[in-house]
Amino acid sequence: MEFTKDELLKIMFEELRIAQDIIKRMANNSFLIKGWSITLVIGTLLLKGSEITAYLTYIPIVFFWYLDAYFLWLERLYRKLYDWIRENRLRTTDHLFDMNYSRFTEQEKTLLQIAFSKTLLSFHGSLLLLTTLYILFLTVRL
């Protein structure tokens, strides 16, 4: 099927809008994860239960660290899709309304590399460090 330049332009704008909405959702998910991570870590530490309760704090830290890395990975892949649409849609009808990011996975860092990027390491690593210091303080004090 052949499209006119105007039709391709409308398709491109619609595809870009869809990709941008997905990117916004991924960024929002990352923001919410950080909030929940802090809430659960502080809530768990304030329970004042046994020392084991303090060790349970590591579970949400690691879990939310993984989820945050996953959503950042997805966001980066959809940014690559957005760029591809912006650069190629007026020249080709390949992958028309295809929001599948899998063709860009080879171009992006691994989930583990993203998890230990500066931004995620500074946030989740500091939660991990502060929790460890708190547990050490509890064990020395007891």
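Counting only residues 5 or more places away or on other chains, whose amide H sits under 5 Å from the amide H of Glu108 once H atoms are built in the peptide plane?
Distant-sequence amide H within range of Glu108: zero hits.
Compute the distance in nm between two label points, each set 7 Å from the Cα along the Cα-to-Cβ direction, one at Leu56 and one at Lys5.
Label-label distance for Leu56 and Lys5, simple model: 6.5 nm.
Whenever you get a sec, compute what percent of the accessible area on segment 4-97 sits on carbon and sulfur atoms (1.4 Å probe).
On segment 4-97, the fraction of accessible area on carbon and sulfur atoms equals 64 percent.
Give a quick list of trypsin sites (Lys or Arg not before Pro) in segment 38-142 that DSSP marks as loop, anything other than H, G, I, E or B, with at most 15 other Cβ atoms within 10 Å.
Lys48, Arg91, Lys109
Could you tell me which residue out of Ala115, Ile11, Phe97 lies farthest along the dipole of segment 1-125 toward its positive end? Charges go on the beta carbon: Lys and Arg +1, Asp and Glu -1, centred on the Cα centre.
Checking the options against the dipole of segment 1-125, the answer is Ala115.
Over segment 1-99, calculate the relative contact order: mean separation of alpha carbon pairs under 8 Å at least 6 apart, over the residue count, as a percent.
46 percent
For the charge dipole of segment 1-93, defined by +1 on Lys and Arg C-beta atoms and -1 on Asp and Glu C-beta atoms about the Cα centroid, which residue among Asn28, Ile42, Ile85 has the Cα displaced farthest towards the positive pole?
About the Cα centre, the residue reaching furthest to the positive side is Ile42.
Over the chain, with the other protein chains present, what is the accessible area per residue in square angstrom, probe 1.4 angstrom?
Accessible surface, normalised per residue, equals 64 Å².
How much length is gained if the chain between Asn88 and Leu32 is pulled fully straight, taking 0.36 nm per residue apart and subtracting their Cα-Cα distance, in nm to one decimal? Walk me through the numbers before you get to the answer.
On the way: separation 56, 0.36 × 56 = 20.16 nm, distance 3.33 nm.
Fully extending the segment from Asn88 to Leu32 adds 16.8 nm.
What nm value, rounded to one decimal, do you get for the distance between Leu46 and Leu136 when each label is placed 7 Å out toward the C-beta?
Going from the Leu46 label point to the Leu136 one covers 2.5 nm.
Could you run the Debye sum over the Cα atoms of the chain, one equal point scatterer each and no solvent, and tell me log10 of I(q)/I(0) at q = 0.21 Å⁻¹, two decimals?
Here log10 of I(q) over I(0) equals -1.16.
Taking 37 °C and 0.692 mPa s as the conditions, I'd like the Stokes-Einstein D for segment 25-74 in µm²/s, using the Kirkwood hydrodynamic radius from alpha carbon pairs.
Calculated translational D: 290 µm²/s.
How much net charge surrounds Trp84 when only other residues with a Cβ under 14 Å from its Cβ are counted (Lys, Arg +1; Asp, Glu -1)? List each step's numbers first, then the result.
Numbers: positive: Arg76, Arg79, Lys80, Arg86, Arg89, Arg91, Arg103; negative: Glu15, Asp83, Glu87, Asp94, Asp98, Glu106, Glu108.
Taking every other residue near Trp84 into account, the sum is 0.
The values are calculated or read from the model by the stated rules, or taken from the named source; none is laboratory data. Source: prediction; values computed, not measured. All Cβ positions, even for glycine, are placed from backbone atoms using ideal geometry, and neighbour counts span all protein chains on display. For accessibility, only protein heavy atoms count, side chains too; no ligands or nucleic acids. Shrake-Rupley method; radii C 1.70, N 1.55, O 1.52, S 1.80 Å.
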